[in-house]
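Colleague: Please read through the structure below; I'll follow up with questions.
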């Protein structure tokens, strides 16, 4: 058996024009190639081959397919032989499959189990009593039974034993249910119970249509609102796109993909007749997901919510797609609308108009910064550029990057060559992965190198400085949060003295903010339930260090000093980076400010800082 991944790699790498051109006299016609059809022995050029879509089609006899189909129908090859033939030509190794053709794929038992579970969830949705709350919710969202059945929607009841008993009766034991992630074990009691309870269920398929997992939407209060299957031998949420199994042919045909945020958005758009739609599984678009999409198209439309969280997700996804050579457009809906509500109220044609009015992802970023006045003064201009640089660095296509540099130069009034050097400095001259900085008005604190001595590498100095400051500053952040976790009486006191926006470690910042929000009486369980999985892991590490703080008062004071020093150093670096952009008067003011900071760095003492209130200037 040849894996689906290998088949897709071979299909993507194949030169369909060259292979079919050995049997048909093809001539270019626009973006495609035309020739006489070899299947009905035509004499006119009604046979079309599309290299972009990887398909052929005859407009007379309607024969069509991909490169493998052509070899099978024209040369009489068997399926595996056609794949191997093309693989040899493109240099991709395919293992021998003859001895395994009758062997069962090791994943099949999991596919079968998930298909059985999906059937059970569907049955529960339409059960007169059990599924009433879920049916009421679907009615509220204006999802008909026809739509629900089309996408296999179901319902997981509260009952702890019903699903288990049903699947046990079909021959699936508890061990298999646990391995597939349908049962989870509670640590406190070692009891196994269903992972999904009182949730509307969305079956998740891989690109070939196999049932690999589920997404569950909670119907009542609680968190998390959406829950996906745990990782299993057939499922990893970072490697699956919801709906790709339904959308992949439309994506190839239309040569574009529309990426939305959630299950309901995708279902609404499909039911309205918009087919090339996929959704990540509740997470930011991953490298693996972008790579999967690149097999079908290099044109993406991002259709996310227009709120702050939606914009952040939009630009993160945009950067990831740009790394894979996509042309990325952003679709902006009216305020208060998401794709689901917009299509429900206005229909598919109105959404198609919105797609036609989409804006390039980089242009959209510049627009938001311009409208917020971020290019109006020097300091904000520097920070605005900091928000554009990650996208510039992420852009793999050289021509697109050059156009983006030109646009950024025009918007900021900064020389294009200076921006180009700034882009290359952080990556050593190569495109690379960078941390996202969104378009909003509250920038994250960013570390950068001090002024560089002649003859030294800016990129090397920047990396060395980042390692030093990140290590010292993060240790101070960790020490303060550790004190708050173990000494709850310090929560309010530290909340008065520390601004969580200064934290660069996202998990520590989240724990800090949640402690302040919940108050010093919150239990560890309450704290954990309000945190993301990554923050819970960090919290557990802090709980395992009860004796790490010997002198609490000194730990707090020393940590505040470190954070204050880091803030001052960061501001001095920022000034250094702003100086080339400044006019004469502005430059004088910046130099005065930097001199004051340098003097303060040399003269302040620990006692001054430990009682200075917030660790901000």
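The values are calculated or read from the model by the stated rules, or taken from the named source; none is laboratory data. Just so it is clear, the model here is predicted, and its values are computed rather than measured. When we count neighbours, we look across all protein chains shown, and the Cβ atoms used for this are built from the backbone with ideal geometry, even at glycine.
Here is a yes/no grid of residues against (1) in contact with a helix residue (DSSP H, G or I) (Cβ under 8 Å, 6 or more places away or on another chain); (2) farther than 29 Å from residue 5 by Cβ:
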residue: 114; (1), (2): no, no
residue: 119; (1), (2): no, no
residue: 180; (1), (2): yes, no
residue: 194; (1), (2): yes, yes
residue: 205; (1), (2): yes, no
residue: 211; (1), (2): yes, no
residue: 224; (1), (2): no, yes
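Colleague: For the condition at pLDDT below 85 and under 30 Å from residue 162 (Cβ atoms), what is the one hit in 53, 104?
Modeller: Step by step, each of 53, 104 is checked, and only 104 is at pLDDT below 85 and under 30 Å from residue 162 (Cβ atoms).
Colleague: Let me ask something else about it. Just checking, does the stretch 559-566 include any residue being at pLDDT below 80 and under 33 Å from the mean Cα position of the chain (by Cα)?
Modeller: no
Colleague: Sticking with this structure for a sec: Filter the stretch 523-542 for residues that are surrounded by 14 or more Cβ atoms within 10 Å (Cβ to Cβ) and farther than 17 Å from residue 223 by Cα and give the result.
Modeller: If the condition is that a residue be surrounded by 14 or more Cβ atoms within 10 Å (Cβ to Cβ) and farther than 17 Å from residue 223 by Cα, then 538, 539, 542 are the ones that fit.
Colleague: Additional query: Among the residues of the stretch 313-326, are any surrounded by fewer than 21 Cβ atoms within 10 Å (Cβ to Cβ) and in contact with a strand residue (DSSP E or B) (Cβ under 6 Å, 6 or more places away or on another chain)?
Modeller: no
Colleague: Moving on. Out of 49, 83, I need the residue that is outside the structural domain of residue 157 (by TED's automatic domain parsing), under 30 Å from residue 180 (Cβ atoms), touching a residue at least 12 places away in the same chain (Cβ under 8 Å) and within 37 Å of the chain's Cα centre (by Cα). Which one?
Modeller: Only one candidate qualifies: 83.
Colleague: Could you tell me which residue of the stretch 578-597 is modelled with the lowest pLDDT, considering only residues that are surrounded by 18 or more Cβ atoms within 10 Å (Cβ to Cβ) and in a helix (DSSP H, G or I)?
Modeller: The residue in question is 581.
Colleague: Could you identify the single residue in 380, 401, 387, 407 that is modelled with pLDDT under 90 and either within 30 Å of residue 141 (Cβ to Cβ) or assigned to a helix (DSSP H, G or I) (or both)?
Modeller: 380
Colleague: Taking strands (runs of 3 or more DSSP E) that fall entirely within the stretch 196-278, which contain at least 3 residues that are under 18 Å from the mean Cα position of the chain (by Cα)?
Modeller: 226-228, 257-260
Colleague: Given the options 352, 364, name the one that is in contact with a strand residue (DSSP E or B) (Cβ under 6 Å, 6 or more places away or on another chain) and either in the same structural domain as residue 309 (by TED's automatic domain parsing) or modelled with pLDDT of 95 or more (or both).
Modeller: 364
Colleague: From 349, 305, which residue is under 30 Å from residue 140 (Cα atoms) and assigned to a helix (DSSP H, G or I)?
Modeller: Every option except 349 fails the conditions.
Colleague: For the list (1) touching a helix residue (DSSP H, G or I) at 6+ places or on another chain (Cβ under 8 Å); (2) closer than 20 Å to residue 545 by Cβ; (3) surrounded by fewer than 19 Cβ atoms within 10 Å (Cβ to Cβ), I need the number of the one condition that residue 510 fails.
Modeller: If we test residue 510 against (1) touching a helix residue (DSSP H, G or I) at 6+ places or on another chain (Cβ under 8 Å); (2) closer than 20 Å to residue 545 by Cβ; (3) surrounded by fewer than 19 Cβ atoms within 10 Å (Cβ to Cβ), just (3) comes out false.
Colleague: Separate question: On the basis of being modelled with pLDDT under 95 and either under 30 Å from residue 338 (Cα atoms) or under 29 Å from the mean Cα position of the chain (by Cα) (or both), does residue 178 make the cut?
Modeller: For residue 178, the condition - modelled with pLDDT under 95 and either under 30 Å from residue 338 (Cα atoms) or under 29 Å from the mean Cα position of the chain (by Cα) (or both) - is met.
Colleague: Could you check the stretch 1-109 for strands (runs of 3 or more DSSP E) lying wholly inside it with 3 or more residues that are within 26 Å of residue 294 (Cβ to Cβ)?
Modeller: 47-50, 55-58
Conditions (1) surrounded by fewer than 24 Cβ atoms within 10 Å (Cβ to Cβ); (2) touching a residue at least 12 places away in the same chain (Cβ under 8 Å); (3) in contact with a strand residue (DSSP E or B) (Cβ under 8 Å, 6 or more places away or on another chain), marked per residue:
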residue	(1), (2), (3)
245	yes, yes, yes
272	yes, yes, no
277	no, yes, yes
285	no, yes, yes
289	no, yes, no
294	yes, yes, no
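Colleague: Still on this structure, please answer the following. Could we say that residue 575 is farther than 22 Å from residue 479 by Cα, modelled with pLDDT of 75 or more, in the same structural domain as residue 485 (by TED's automatic domain parsing) and loosely packed, with under 14 Cβ neighbours inside 10 Å here?
Modeller: When the stated conditions are applied, residue 575 does not pass them.
One line per residue, one yes/no per condition, for (1) in the same structural domain as residue 20 (by TED's automatic domain parsing); (2) out of contact with any strand residue (DSSP E or B) (no Cβ under 7 Å at 6 or more places or on another chain); (3) in contact (Cβ under 8 Å) with a residue 24 or more places away in the chain:
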{"site": "57", "(1), (2), (3)": "yes, no, no"}
{"site": "60", "(1), (2), (3)": "yes, yes, no"}
{"site": "66", "(1), (2), (3)": "yes, no, yes"}
{"site": "79", "(1), (2), (3)": "yes, yes, no"}
